[in-house]
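Comments concern the structure below.
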Amino acid sequence: MLSELREINHSTMASTLEMTFREALHKSMIEEMDKNADIFLMGEDIGRYEGTFKVTRGLFPKYGHRRVIDTPITEAGFAGIATGAAMAGLRPIVEFMTMSFSILALDQIINHTAKIHYMSNGVVKCPIVFRGPGGAAKQLSAQHSHSMEGWYAHVPGLKVVCPATPEDAYGMLKTALADENPVVFYENPGLYAIKGTVPDDPNFSVPFGKAQIIKPGKDISLVGYSRMTHVNLAAAELLAKDGIDAEVVDVRSLVPLDTETIYASVRKTHRAIVVYEDWRSGGFGAEIAARIGEDCFDHLDAPVGRVGGLNVPMPYARVLELECIPDENDVVAAVRKLG
Amino acid sequence: MRNQVENEQPPHTESPAQLEQYYRDMVFIRHFEEKCNVAYRQGKIGGYMHTYIGMEALAVGWLYSIRKGEDYVITAYRDHAHALLLGTDPVAAMAELMGRKGGTAGGKGGSMHLFDPEKGFYGGWGIVGGHIPLGAGLAFASKYRGQDRVTLNFLGDGAANQGVLFETLNMASLWELPCIFIIENNEFAMGTRLEYHAADTHLWKRGEPFGIKSERIDGMDALDMRENAQRIVDWVRENQKPYLVEVMCYRFSGHGAADNDRQLYRTKEEELENMKRDPIKRLEAVLIERNILNAERLEAIDAELIEQVEKIYEAADAQPFPDVSEVYDNIYTDMTPDKGH
């Protein structure tokens, strides 16, 4: 449930600040834009309107129209222009109003952005960040609720990250803005308002390709990313009442994927369930499940389980929408089914 | 034509040496491309390959009008001439077409994907119209940095119908990007004649709704092309605004090397009629008329360039194919994807 998102504080820094996921993204962008004049923002209604989810609030007055650029509603066009600017060495941040709209820019992102480095054999680099809300928000129905992260993670040449906490949002966006490759930065809209602590350190960053054990346990590994990490935590609490000690693994980064941390957890617990909001069939959770099956077979006491979104275009009615999105009860049921 | 810059032709002022150089470049491209066609038929070049035969004056005119290595150039898949004229090593270009390790992209790109950013060349793109916003992005970067670079953004008449062109023209005008959209109108989108693919065959009008200076010019005469290109490049550099030019031309070869039956979409008579406009023949006539080169000398240059292309081909063909261990290289700058089948 969106209203029951858990606050996850895994920072070990002495000095921390409390803020929302949204504020963490905002702070990260400002600090990096202040340091690097090559970083600019481009997207629909991100400037004067402050962004649909208000992640870019205040940036237009601070940086002006040169660096915070309101675009026409032409996703393919501005994704391509930003890609060209990145080819010339600038560092664009492209905000999609929702990742569902990035579907209009798929030709640019997949056929162009993702291919430049390889087709030129490393001669041209493309340091660009595509970010924005992806996944279901609340009653936005079928065209505005897509989980696109698996689509992008499928494409060699793109990095894809899906932070679950304000600290990771802050630190991983910094890493994205220092990366020399195209990065798709996924923000589940259900996370924007959650609070957490963020290190009070402008040089803090969270590397890509490092999964994290959010809650240790010994009986089963619940593997997820983005908002599903919070669902898994809630499920772990319910399971604890039945004496099942679940370990919650936050994958954080799909490409690169930290299989070692995931495998180490599975080798300890001997059971795994992968949880993802995307359609169950062909989503990225299926890839994680397949890899666990391939590489941890000898350590498994049960088949790898999966909990995904229903294979349904997202319906409008709240009761139907909630039926489509995995929640802690679905995870608990899957754990029970695993035996 | 509305919006057209006053087109009074000033006298051609190129020196004899410059004229000879244009001639050499055009003949070199012609022979390079003809060699590519032969190599393709022999199985030495694979995939899709599109030659520039008949259109040489166009690239020569434009690429002598820019600051090479500083201005940005981007085009679609008919890209050999642009790279060669910008100074890309022809052996590396030919090696790339042949999928060799020493190719411009180590054999990973092929004919459609030549890149040489040091020379200002940013590809080499295979999706019709897909690169158009990338070119505007290069122009965006130079404007962002306060430089006075110009971007040449070449596209074909087929690409003039892609939605992303209109999106890009809108933003290029809105943000005043110093980008020249050059529609190489060779009258065919692959095998579909202009009249069958464009509701309005005056493609230069594509820029008008966006308030972009737009015009149609001939691209079959190297000297006219050179003058018009310089006039437009200078205007864009000075004014830092976009420009759209429809350049009328005709490709003498097929759409691609796999286009074996041009009679499906045009007659032999039409081709022969258009070959009277051969840009190489036209420049030959000027060189002879002005007593710069005589027929004997022209023949000697032709033989010299055929020989040069043969040597390029041999040098490229002597190169090894890439090692299979290189397959994961340069997908990312700092990592490889999950490996294995």
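Read the figures in this text as sums done on the coordinates, not as results from a lab. On a predicted model such as this, the values are computed, not experimentally measured, just so you know. When we count neighbours, we look across all protein chains shown, and the Cβ atoms used for this are built from the backbone with ideal geometry, even at glycine.
Within the group B:Arg206, B:Arg216, which residue is surrounded by fewer than 19 Cβ atoms within 10 Å (Cβ to Cβ), of a type outside the set (A, V, I, L, M, F, W, C), under 21 Å from the mean Cα position of the chain (by Cα) and not in a loop (DSSP other than H, G, I, E, B)? Give the steps one after another, and end with the answer.
On the way: B:Arg206 fails: surrounded by fewer than 19 Cβ atoms within 10 Å (Cβ to Cβ).
Of B:Arg206, B:Arg216, the one residue that is surrounded by fewer than 19 Cβ atoms within 10 Å (Cβ to Cβ), of a type outside the set (A, V, I, L, M, F, W, C), under 21 Å from the mean Cα position of the chain (by Cα) and not in a loop (DSSP other than H, G, I, E, B) is B:Arg216.
Among the residues of region A:27-45, what is the count of those that are among the acidic types (Asp, Glu) and either assigned to a helix (DSSP H, G or I) or more than 14 Å from every other protein chain (Cβ to nearest Cβ) (or both)?
Filtering region A:27-45 for residues among the acidic types (Asp, Glu) gives A:31-32, A:34, A:38, A:44-45.
Filter once more, keeping what is either assigned to a helix (DSSP H, G or I) or more than 14 Å from every other protein chain (Cβ to nearest Cβ) (or both): A:31-32, A:34, A:45.
Within region A:27-45, residues that are among the acidic types (Asp, Glu) and either assigned to a helix (DSSP H, G or I) or more than 14 Å from every other protein chain (Cβ to nearest Cβ) (or both) number 4.
Mind checking which residues of region B:139-174 are part of a helix (DSSP H, G or I) and under 17 Å from the mean Cα position of the chain (by Cα)?
Within region B:139-174, B:Ala159, B:Ala160 qualify.
Pairs under 9 Å by beta carbon, first residue without any contact (Cβ under 8 Å) to a residue 40 or more places away in the chain in region B:301-320, partner part of a helix (DSSP H, G or I), six or more apart or different chains?
B:Glu304/B:Arg24; B:Lys311/B:Val91
When only residues in region B:288-341 that are away from every other protein chain (no Cβ under 14 Å) and basic (Lys, Arg) count, which is farthest from A:Ala153 (Cα to Cα)?
Ranking the qualifying residues of region B:288-341, first place goes to B:Arg290.
With respect to B:Glu289, is the statement that it is acidic (Asp, Glu), loosely packed, with under 11 Cβ neighbours inside 10 Å and within 22 Å of B:Leu223 (Cβ to Cβ) true? Talk me through it step by step, then tell me what you get.
On the way: acidic (Asp, Glu): yes; loosely packed, with under 11 Cβ neighbours inside 10 Å: yes; within 22 Å of B:Leu223 (Cβ to Cβ): yes.
When the stated conditions are applied, B:Glu289 passes them.
Yes/no matrix, rows are residues, columns are (1) outside any helix (DSSP H, G or I); (2) among the hydrophobic types (A, V, I, L, M, F, W, C):
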| residue | (1), (2) |
| --- | --- |
| A:Arg131 | yes, no |
| A:Ala137 | yes, yes |
| A:Ser145 | yes, no |
| A:Glu167 | no, no |
| A:Ala176 | no, yes |
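Considering only helices (runs of 4 or more DSSP H) fully contained in region A:46-126, which possess at least 2 residues that are in contact with a strand residue (DSSP E or B) (Cβ under 9 Å, 6 or more places away or on another chain) and surrounded by fewer than 24 Cβ atoms within 10 Å (Cβ to Cβ)? Spell out the reasoning first.
Numbers: elements: A:59-67, A:75-87, A:116-119.
Per the criteria, A:59-67.
Taking the condition within 24 Å of the chain's Cα centre (by Cα) and within 14 Å of chain A (Cβ to nearest Cβ), does B:Pro242 pass?
For B:Pro242, the condition - within 24 Å of the chain's Cα centre (by Cα) and within 14 Å of chain A (Cβ to nearest Cβ) - is met.
Determine which single condition B:Ile127 fails, assuming it passes every other condition in (1) closer than 25 Å to B:Asp89 by Cβ; (2) within 9 Å of chain A (Cβ to nearest Cβ); (3) within 17 Å of the chain's Cα centre (by Cα).
Among (1) closer than 25 Å to B:Asp89 by Cβ; (2) within 9 Å of chain A (Cβ to nearest Cβ); (3) within 17 Å of the chain's Cα centre (by Cα), B:Ile127 violates only (1).
So that you can scan it fast, the table gives a plain yes or no per residue for (1) among the aliphatic types (A, V, I, L, M); (2) at the interface with another protein chain (Cβ under 9 Å from one of its Cβ atoms); (3) touching a Phe, Trp or Tyr at 6+ places or on another chain (Cβ under 6 Å):
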{"site": "B:Glu118", "(1), (2), (3)": "no, yes, no"}
{"site": "B:Gly123", "(1), (2), (3)": "no, yes, yes"}
{"site": "B:Pro133", "(1), (2), (3)": "no, yes, no"}
{"site": "B:Ala136", "(1), (2), (3)": "yes, yes, no"}
{"site": "B:Phe140", "(1), (2), (3)": "no, yes, no"}
{"site": "B:Val150", "(1), (2), (3)": "yes, no, no"}
{"site": "B:Gly163", "(1), (2), (3)": "no, yes, no"}
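For region A:102-127, which residues satisfy the criterion of being of a type outside the set (S, T, N, Q) and under 15 Å from B:Val164 (Cβ atoms)?
First, pick out the residues of region A:102-127 that are of a type outside the set (S, T, N, Q): A:103-107, A:109-110, A:112, A:114-119, A:122-127.
The answer is A:Ile103, A:Leu104, A:Ala105, A:Leu106, A:Asp107, A:Ile109, A:Ile110, A:His112.
How many residues, within region A:17-56, are more than 24 Å from A:Ala86 (Cα to Cα) and in contact with a His (Cβ under 8 Å, 6 or more places away or on another chain)?
0
Going through B:Asn228, B:Asn170, B:Asn186 one at a time, which residue ends up being touching a residue at least 40 places away in the same chain (Cβ under 8 Å) and under 30 Å from A:Asp70 (Cβ atoms)?
Numbers: B:Asn228 fails: under 30 Å from A:Asp70 (Cβ atoms); B:Asn186 fails: under 30 Å from A:Asp70 (Cβ atoms).
Within the list B:Asn228, B:Asn170, B:Asn186, the selection yields B:Asn170.
Under 8 Å between Cβ atoms, at least 6 apart or on separate chains: pull out the pairs that start in region A:109-134 with a residue that is at the interface with chain B (Cβ under 10 Å from one of its Cβ atoms) and farther than 25 Å from A:Met29 by Cα and end on any residue that is surrounded by 23 or more Cβ atoms within 10 Å (Cβ to Cβ) and of a type in the set (Asp, Glu).
If the second residue must be surrounded by 23 or more Cβ atoms within 10 Å (Cβ to Cβ) and of a type in the set (Asp, Glu), the pairs left are A:Val123/B:Asp116.
Looking only at region A:158-204, how many residues end up being among the charged types (D, E, K, R) and within 14 Å of chain B (Cβ to nearest Cβ)?
3
Exactly one condition in (1) farther than 17 Å from A:Val332 by Cα; (2) out of contact with any helix residue (DSSP H, G or I) (no Cβ under 8 Å at 6 or more places or on another chain) is false for A:Thr269; which is it?
If we test A:Thr269 against (1) farther than 17 Å from A:Val332 by Cα; (2) out of contact with any helix residue (DSSP H, G or I) (no Cβ under 8 Å at 6 or more places or on another chain), just (1) comes out false.
List every residue pair whose Cβ atoms lie under 6 Å apart, where the two residues are 6 or more positions apart in sequence or sit on different chains, the first residue falls within region B:139-165 and is free of Cβ contacts under 8 Å to residues at least 12 places away in the same chain, and the second residue, located anywhere, is among the β-branched types (Val, Ile, Thr) and part of a helix (DSSP H, G or I).
Filtered contacts from region B:139-165: no entries.
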